[in-house]
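Worksheet: the structure to be examined is printed underneath.
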Amino acid sequence: MTALDPNLAQRLKDVVGPKGWSEEPNDIAPHLVELRGRWLGQTPLLLKPSATLEVARILALCNETRTPIVPQGGNTGLVGGQIPTRGEVLLSLERMNRIRSVNPEENLLVAEAGVVLKHAQAAADAVQRLFPLSLGAEGSCTIGGNVSTNAGGVNVLRYGMMRDLVLGLEVVLADGRVLDLLRGLKKDNTGYDLKQLFIGAEGTLGIVTAAMLRLFPKPAGYATAVAAISNVSVAVELLNRLQHATGSQVTAFELMQRESLDLVTKHIVDTMNPLPDWRGWTVLIEVSNPAAFDATDALQEALAQAMDQGLVADAVFAKSERDRAAFWRLRETLPEAHRLDGATIANDISVPLSRIAEFLAAADAAIRAALPSARSFAFGHVGDGNLHYAIKAPGNDAALLAARAALELIVAEQTAKLNGSISAEHGLGLAKNESIARYKSAAELDLMRALKRTLDPNNILNPGKLLPPD
């Protein structure tokens, strides 16, 4: 690890004050381990600023001295983008955790980067509004990280990705200038939409310190069901039928494989498969009911018709909030269950909706040809084509991990053949920043590098992440 100049270290400490830094290994250690343990980091100094101007002064000093720095939110990222693997200074935004304002009349909420997603949801709920971003890590991931990775989750079908939920940003540029884009205008046709540059940029172009978020009317209730489908190829047709029947009120449509559900009920306490006799694919369906419309009857009727026509074999409806929570717990604990059951190679991809079944068939055949013990445990957001394609080799973890690179390449190649994306919502980070060079055009990569050179000419912001090496 490259030593940090003592004079610079002291200047950085002075910026944040005695509560805003640490060199203590025990304090720093939790910030250096990625959730799945794939990347371990190192840093000479952890900084925890409490205000935007402190972030600005830190970056001005780092830029002046060409000192690399890695921003970190809740440390829930799954591609290593938040880990300082080269001994960079680590900047945690956890102390910048204030809700600056909530405006239910304009449906706006301004949150600092370190606000935990669940707290933003609660602030919206307190004024009878909904902030719809929802994902498994919502109890620990932060708004700044959600913005910087363009987080997705289970409600994208209805409300869109984080990119669709941000109306304004406050960003500190590499040279310490503060870019205030917290205007909250839905119409502002005065040139480039600069905030979009920083959404999904993984902290490589600037550090997000606050975000103005869109709120929505709080649903009057939910209709939630788990349905057994005849095969995966009918999922998209079923979704379209349900959208038509409910007036496009379907919020979530989550595909789950029986083998994955078996891992959940095996490893996660107090879980139960509501369709225990069904061995095939299931979908978790949720409709958000506006105040003037209850879609429950429409959903039940549409599923009954689908059963008559052979698309659906069976369905179970949540009769209470407890049932709804139990259904969602099955879906939300799938990644944890996979980890608890041994080695897993996780892939986050997207393909056109009409080609989901084609991808699964081709990818399954290809991974088994490469490693006969390999099996896929797929699940995901069918409504937006995003599949979490997990690969396991029961009883053969060592062989699986030895074949990681080859298996990841197979999945990426099968995705690319169908005009898909090798990263649907997790980002590139360290996991895919090199391989992305195979799937983006030279023009796209040139433009991405040009943006990086323009906004961060000294390459201090999260170097080595997202972009492929030159």
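Taken one residue at a time, the phi angles of the range 269-277 give Karplus couplings (6.51, -1.76, 1.60, θ = phi - 60°) of 5, 6, 10, 8, 6, x, 10, x, 8 Hz. Gly and Pro are set to x. One Cα centroid belongs to the range 1-24, the other to the range 174-219; the line between them spans 29 Å. With a cut-off of 18 Å on the backbone N, the residues of the range 248-264 near the modelled label site 7 Å out from residue 164 along Cα-Cβ are 248-255. Remark: accessible surface ordering of 241, 368, 279 (largest first) is 279, 368, 241, probe radius 1.4 Å. Rounded to the nearest 20 debye, the dipole magnitude of the range 98-188 is 120 debye, with +1 charges on Lys and Arg beta carbons, -1 on Asp and Glu beta carbons, and the Cα centre as origin.
Note on the range 288-367: Cα Rg divided by 2.2 N^0.38 Å, N the number of residues, gives 1.50. Ignoring aspartates and glutamates fewer than eight residues from residue 440 along the same chain, the ones with Cα atoms less than 20 angstrom from its Cα are 202, 348, 408, 413, 425, 470.
Each Lys and Arg contributes +1 and each Asp and Glu -1, all at the Cβ; summed about the Cα centre of the range 1-42, the dipole is approximately 160 debye.
Kirkwood analysis of the Cα pair distances in the range 341-462 returns a hydrodynamic radius of 15.6 Å. Listed by chain and number, the lysines whose alpha-carbon sits under 28 Å from that of residue 13, ignoring those within fewer than 8 places in the same chain, are 48, 452, 465. When only alpha carbons of the chain are considered, Rg and Dmax amount to 22.8, 75 Å. For the range 1-86, the dipole from Cβ point charges (+1 on Lys and Arg, -1 on Asp and Glu) about the Cα centre works out to 180 debye, to the nearest 20.
Across the range 190-324, C-alpha contacts under 8 Å between residues 6 or more apart give a mean separation that, scaled by the residue count, equals a relative contact order of 37 percent.
Comparing 463, 346, 99 along the charge dipole axis of the chain, the residue lying farthest to the positive side is 463, per the Cβ-charge model. Answer with one residue from 299, 309, 10: the one whose Cα lies farthest towards the positive end of the charge dipole of the chain, charges on Cβ with Lys, Arg +1 and Asp, Glu -1. Of 299, 309, 10, it is 10. Given R₀ = 35 Å, FRET efficiency for residue 194-residue 357 by Cβ-Cβ distance, to 0.05? That pair, residue 194 with residue 357, gives E of 0.30. Here's the picture: a label point sits 7 Å out from the Cα of residue 103 along the beta-carbon direction, and within the range 182-224 the residues with their amide nitrogen under 15 Å of it are 182-188, 211-216. Between the listed residues 79, 147, 166, the Cα displaced farthest toward the positive end of the dipole of the range 75-168, a dipole computed from Cβ unit charges relative to the Cα centre, is found at 79. Annotation: for a label point projected 7 angstrom from Cα along Cα→Cβ of residue 42, residues of the range 72-104 with backbone N closer than 11 Å are 85-88. At q = 0.14, 0.18, 0.21, 0.24 Å⁻¹ the log10 of I(q)/I(0) for the range 114-194 amounts to -0.54, -0.86, -1.10, -1.28, computed by Debye summation with a single uniform scatterer per C-alpha, solvent ignored. Enumerate the lysines that residue 187 could reach by cross-link, defined here as Cα to Cα under 23 Å, with residues fewer than 8 away along the same chain left out. Answer for residue 187, where 23 Å is the Cα cut-off: 195, listed by chain and number. Amide H to amide H distances under 5 Å link residue 315 with 228, where only residues 5 or more positions off or on other chains count and H is placed in the peptide plane. By the helix-only formula, in which each DSSP H run with n ≥ 4 contributes -39500 (n - 2.57) and the sum is divided by residues, the chain has a 222 nm mean residue ellipticity of -9500 deg cm²/dmol.
Here the extension length gained between residue 271 and residue 233 equals 10.9 nm, from 0.36 nm per residue of separation less the Cα-Cα distance. Each Cα pair under 8 Å and six or more residues apart adds its separation to the average, and for the chain the resulting relative contact order is 15 percent. Compared with the alpha-carbon gap, the fully stretched path from residue 445 to residue 216 is longer by 78.8 nm at 0.36 nm per residue.
Working note: Cα gyration tensor of the range 58-132, eigenvalues times five, square-rooted, sorted largest first, giving semi-axes of 32, 15, 8 Å. The Stokes-Einstein estimate for the range 393-434, based on a Kirkwood radius over Cα pairs and taken at 10 °C with 1.306 mPa s viscosity, is a diffusion coefficient of 137 µm²/s.
The values are calculated or read from the model by the stated rules, or taken from the named source; none is laboratory data. Since this is a predicted model, take the numbers as computed values, not measurements. Quick reminder, even Gly has a Cβ in these numbers, built from the backbone with ideal geometry, and neighbours come from all protein chains shown. Heavy atoms of the whole protein, side chains included, go into the accessibility calculation; ligands, DNA and RNA do not. Shrake-Rupley method; radii C 1.70, N 1.55, O 1.52, S 1.80 Å.
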